[in-house]
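Some notes on the structure that comes next.
The values are calculated or read from the model by the stated rules, or taken from the named source; none is laboratory data. Only a predicted model underlies this, so the values are computations on that prediction, with no experimental measurement involved. Heads up, the Cβs are rebuilt from the backbone with ideal geometry, glycines too, and the neighbour counts pull from every protein chain shown. Heads up: the accessible areas ignore ligands, DNA and RNA and are worked out on the full protein's heavy atoms, side chains in. Shrake-Rupley method; radii C 1.70, N 1.55, O 1.52, S 1.80 Å.
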Amino acid sequence: MAVKKTHLYASLWASCDKLRGGMDSSEYKDYILTLLFMKYVTDKYKNKGKYEDIKVFDKEHDPEPDIEKRTGCSFDDFIALKGKKNIGEGMDKIIARLADENSELKGVIDIAHFNDEKKIGTGKEMVDKLTDLISIFQRPELDFSKNRAEGDDIIGDAYEYLMRKFATESGKSKGQFYTPAEVSRILADVVGISRCKDVNATVCDPACGSGSLLIRAIDAAPFPIMGYGQEKESTTAGLAKMNAVLHRKAEIIIKGGKSTFSDPQYLDTNDNSTLQRFDYIVANPPFSMKNWRDGIAGKEYGRFEGYGDLPPEKNGDYAWLMHILKALKSNGKAAVILPHGVLFRGNAEATIRENIIKKHWIKGIISLPANLFYGTGIAACVLVIDKEGAANRQGIFMIDASRGYVKDGNKNRLRERDIYRIITTFNEQITTDPKYARFVPNDEIEKKNEYNLNITRYIDSTDPEDLQDIYAHIHGGIPAVDIDGLSKYWEVFPSLKTELLSVISDKYYSLNVKHENIRKTIYKNTEFSKYGEKLDEAFSAWKHKECPTLTSLHEDVSARKLIISLAEDILAEFEHLTLIDKYDVYQVLLSYWNEVMNDDVSLIINEPGGYANARATDDIEEEITQGKNKGEMKITGWEGRLIPKSIVIDAFFREEKNAVEEAENIVTETESQLSNLIESADEESALADVAENGKVKAKDIEAKIDELTSTIETEETIELEIIRKNLQLVNAKKRLEAYLLYHPQCKNAVNENGKITKASIESRLRIIRTVESIPDSLQEDVDQLKKALELSSKISDYNKVVKELNTALDEKCRARYKILTDEEIFVLLVNRKWFDSIFTGISDLYAAISHYMTNRIIELAERYESTLPQLVQTTTDYETTVKSHLERMGFKW
């Protein structure tokens, strides 16, 4: 089966758990990424014969003439080492063999040493840890051999997933190697590389880190173009090379171990005193680099000339920008991430900024939210450079996107809607929202603001202040200015305004309904309901348009192009619905695509059988974490490969599901009764004595009943105890008849077979002691315990019923998958899974309208509900009451 991203990511992160504790995440990433690389190139080797220019072979096919020296250089050779004492040493040799056969992988694949006892452990610890790691990469979800090579970025995406995780864990000092994918996407789009028409064009990242930004830029080009990266840290450069291979980017050259300032690696082939020039540059350099001048003397390459001053010695932000400007062709384009300070800092930087602005090379500035990057928490911006057309450029296009993000752990993250809005606003130069974007003319920058580019001088993105109305606080009423603040809602629901509010005067309103009825009034309003119908119609139109496409997916379909088309169409359908933000609709679609639908579509277009995979079910396996079978996998359930079984059950087994739910409801209700019984029991009661954390066990209740009643004696119990000790008295028919003649009280112990046995005696004793002859002192305790036992038994019985019903339903459901018709698959997968899930998200946006209006109106009503005279009177009344109480207590003043 083709690899699903969700399963792949879970397994990769599980592999990291095996190494936690022994080393920092900045170190163990090298081990995990090396294993991922080995597994992928091996799977592709087995499937294709070779992977790009990389030679991969197992020990059996090792060309080494000396049999004793053959090691192989594939993941298969790792597997052969599982459980062996020399596993660490053996893995290092296999990796070294791969590097020997592929010289470009030296210093790339052989960074991590698996025989390092300080990091991996010694003896059995090392053997177990490495064996477990290899086992994880053997899981079915990490089998890459069946994934298509064309357009197949799953492994590259997995690599980026790990890089993001490692950057998050590594903290401030060690996370700078990774540019968040969301930001990389923005730079790759706004730099204009997607409109490139020159097949010989080049793109460079002079501070490439792990290479993700450079790879994104190349991906954005309409055809393969050459990419060049330089990274000072050799280890990080190795990650970039590995990233390029895993993304199948043979056209990328990465050079590492040298500083871009003191030793730039890309020089003009005809004149090594000049930098090589590029068509495009993207960069996320280290912020405020303090040692950028180290070793630079005599190696300036003209980068810092013509700007009136040099960048500060202990801040390299402008040094990076000047390097980029020098390395661009005369018509080149760049997008670079820099801290906000470059827009407004003074002294030498102000001089340099003025000279750059005068050249009109800056096409745009995009202000980003703070705390996006792993190496720093400060806010940053994107400078978009375009030398082409600079002579006629009339201004700079500015975007303040600083408020569009979501919290993600201890960092902020751009959502899909934020990325899309930034890209479309910039590329289409949209200025309909002046609080978000403006085209700022040169005069305003140069004359009015003296070359200060601080975004807040040009765009005010703050919300209007929520002012208090003194008159309303004194006299009451809701200010009209606040009600008018909801004007976009009243324009769509004019009758709702009159239902909720009455006019007191030109400047004030009163509320017509109670606070608790506001939401109900909104939902019952005809215009509000009609708006909901318009939303339904918009979604239905989009659904009708996309249904033919989504029911005819095939191997030639590009998942990337598909989601772009789906998104553009849904935006077009919801454009006219003014109260629903189209970017929120986009977010709903893209979130579902990223979480679920992308996996489904990729499986259909990549896996043989296409939609027929919807008839398949897969076992769910979990690792056994303790006991003799620790490390092995056990089956804990199953799920539909494409269609969740909950959808199949709802479609075909509603009656059976209802039966399960009825039994579960009985369990829940009975558990509630038992819980209430325990809570209401006296602390000194027998029931409280057997309860633990609000729960009881049937065997404990029975034992407590026996303990309380075992000493109860009557004439009948005395007689029965005598028989129990000597059953020979009644073990024959004539003996029994004779005994009962003189001991008639024992007749109640005779069972249905006409005999007295040990069991029948104990049954009779229990009835006497717990029903017929309980003393008043024990009656309440025994009754409570018996009730608790009854409820506990009922819970146990119905839990068994639930289990049996679920097992039967599970079997029926799994069997039903196999006979699904094509039409049923389309209905269940496309309509009930995909469309219904997306519509649920959009419906939440509709509900949010009501929530916002309700909350705002209640806020305003409560703010002015108690007028100043009323508050004064209330205070006076309280004061009078307190004085009265104090006087009765004897106080005088």
* **Reachable lysines from LYS800, criterion Cα separation under 27 angstrom, eight or more residues apart if same chain** => LYS634, LYS645, LYS657, LYS695, LYS697, LYS699, LYS704, LYS786, LYS787, LYS812
* Cross-link pairs beyond the 18 Å C-alpha cut-off, checked among LYS197/LYS561; LYS524/LYS833; LYS630/LYS803; LYS59/LYS129; LYS39/LYS59 -> LYS197/LYS561; LYS524/LYS833; LYS630/LYS803; LYS59/LYS129
* To do: Apply the Karplus parameterisation 6.51 cos²θ - 1.76 cosθ + 1.60, with θ equal to phi minus 60°, to every residue of region 136-144 and state each ³J(HN,Hα) to the nearest whole Hz, in sequence, with x for glycine and proline.
  => 4, 6, 8, 4, x, 6, 10, 9, 8
* Structure fact -> Restricting to aspartates and glutamates and to Cα separations under 20 Å from LYS69, and discarding same-chain partners fewer than 8 apart, the set is ASP58, GLU60, ASP77, GLU89, ASP92, ASP100, GLU101, ASP110
* Asked: Among residues other than ILE445 whose Cβ falls under 14 Å from its Cβ, what is the net charge (Lys/Arg +1, Asp/Glu -1)?
  -> +4
* Asked: Which whole-angstrom value gives the distance between the alpha carbon centres of region 723-745 and region 196-257?
  -> 98
* Asked: Around SER552, with a cut-off of 14 angstrom between Cβ atoms, what is the net charge of the other residues, counting Lys and Arg +1 and Asp and Glu -1?
  -> -4
* Taking amide hydrogens as modeled 1.01 Å from N in the peptide plane, which residues meet the under 5 Å criterion relative to VAL440, leaving out close sequence neighbours? -> ILE396, PHE397, MET398
* Over the chain, relative contact order from alpha-carbon pairs under 8 Å, at least 6 apart, % -> 8
* How much mean residue ellipticity at 222 nm does the chain get from its helices, if each DSSP H run of length 4 or more adds -39500 (n - 2.57) and you divide by all residues, to the nearest 500 deg cm²/dmol? -> -15000 deg cm²/dmol
* Would you tally the net charge around ASN751, using a Cβ to Cβ cut-off of less than 13 Å, leaving ASN751 out, and scoring K and R as +1, D and E as -1? => +2
* **Sparsely packed trypsin sites (Lys or Arg not before Pro) within region 534-563, loop by DSSP, other Cβ within 10 Å at most 16** => none
* Taking the Cα centre of region 515-566 as origin, work out the dipole magnitude from +1 charges on Lys and Arg Cβ and -1 charges on Asp and Glu Cβ, in debye rounded to 20. => 200
* Accessible area of region 174-255 divided out per residue, in Å², using a probe of 1.4 angstrom -> 32
* Compute the separation of the alpha-carbon centres of region 103-119 and region 826-890 and state it in Å as a whole number. => 61
* Structure fact -> Flagged as over-length at 29 Å C-alpha distance, from LYS411/LYS534; LYS165/LYS249; LYS407/LYS582, the pairs are LYS411/LYS534
* **Extended-chain gain in nm, criterion 0.36 nm per residue less alpha-carbon gap, ASN726 and LYS534** => 60.4 nm
* Given +1 on the Cβ of Lys and Arg, -1 on the Cβ of Asp and Glu, and no further charges, what dipole in debye does region 210-254 carry about its Cα centre, rounded to the nearest 20? -> 60
* What is the Cα centroid distance between region 457-504 and region 525-601, reported in whole angstrom? -> 33
* Structure fact -> Note on region 291-343: contact order normalised by length, alpha-carbon pairs under 8 Å, 6 or more apart, percent, works out to 35
* To do: Using a 1.4 angstrom probe on heavy atoms only, work out the carbon and sulfur share of the accessible area of region 584-631 in %.
  => 43
* To do: Could you pull the accessible area for HIS113 with a 1.4 Å probe, rounded to 10 Å²?
  => 100
* Going from most exposed to least, what order do MET226, MET889 have by accessible area with a 1.4 Å probe? -> MET889, MET226
* Asked: In whole Hz, what ³J(HN,Hα) sequence does region 597-614 give by Karplus (6.51, -1.76, 1.60; θ = phi - 60°), x for Gly and Pro?
  -> 5, 4, 4, 4, 4, 4, 5, 5, 7, 9, 8, x, x, x, 5, 4, 5, 5
